[in-house]
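Below is one structure, written out as structure tokens; the observations come after it.
What follows draws every value from the coordinates through simple rules; no lab data is involved. The shown structure was predicted, so the numbers you read here are calculated from the model rather than taken from an experiment. We place every Cβ from the backbone using ideal geometry, glycine too, and count neighbours over all the protein chains shown.
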Amino acid sequence: MYIPDYDKALYFTLWGQWDDLLVLMVRTNDDMLSKKIEVFLHAFHYNSNEQQVMTSHEELLHYIDHAMGQTPAAAMMEV
């Protein structure tokens, strides 16, 4: 997993680029990131409960923040 996946996930999530987020969900090697994106997109498109949408959005952002903090500095330079 390269840091650009996390950067892309953060960018797509903050700017509402759901199609790009879906593509990233399929292409990433990070299974947890993929699942968090899946849960959020499903809640966003199919859930009428705004609280569940907000919760899944916050969980996705929290995971991205956590994963970026756990990625070694050397991996941040690889592309």
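Brief remarks on what is shown
- The condition of being within 19 Å of residue 70 (Cβ to Cβ) and either out of contact with any Cys (no Cβ under 9 Å at 6 or more places or on another chain) or outside any helix (DSSP H, G or I) (or both) does not hold for residue 48.
- Test for residue 19: is it in a helix (DSSP H, G or I) and surrounded by 15 or more Cβ atoms within 10 Å (Cβ to Cβ): no
- Sub-6 Å Cβ pairs linking a first residue in region 16-38 that is of a type in the set (Ser, Thr, Tyr) to a second residue that is surrounded by fewer than 18 Cβ atoms within 10 Å (Cβ to Cβ) and part of a helix (DSSP H, G or I), at least 6 apart or interchain, are 28/34, ordered by first then second residue.
- Scan of region 22-37 for residues that are acidic (Asp, Glu) and either in contact with a helix residue (DSSP H, G or I) (Cβ under 6 Å, 6 or more places away or on another chain) or surrounded by fewer than 16 Cβ atoms within 10 Å (Cβ to Cβ) (or both), ordered by number: 31
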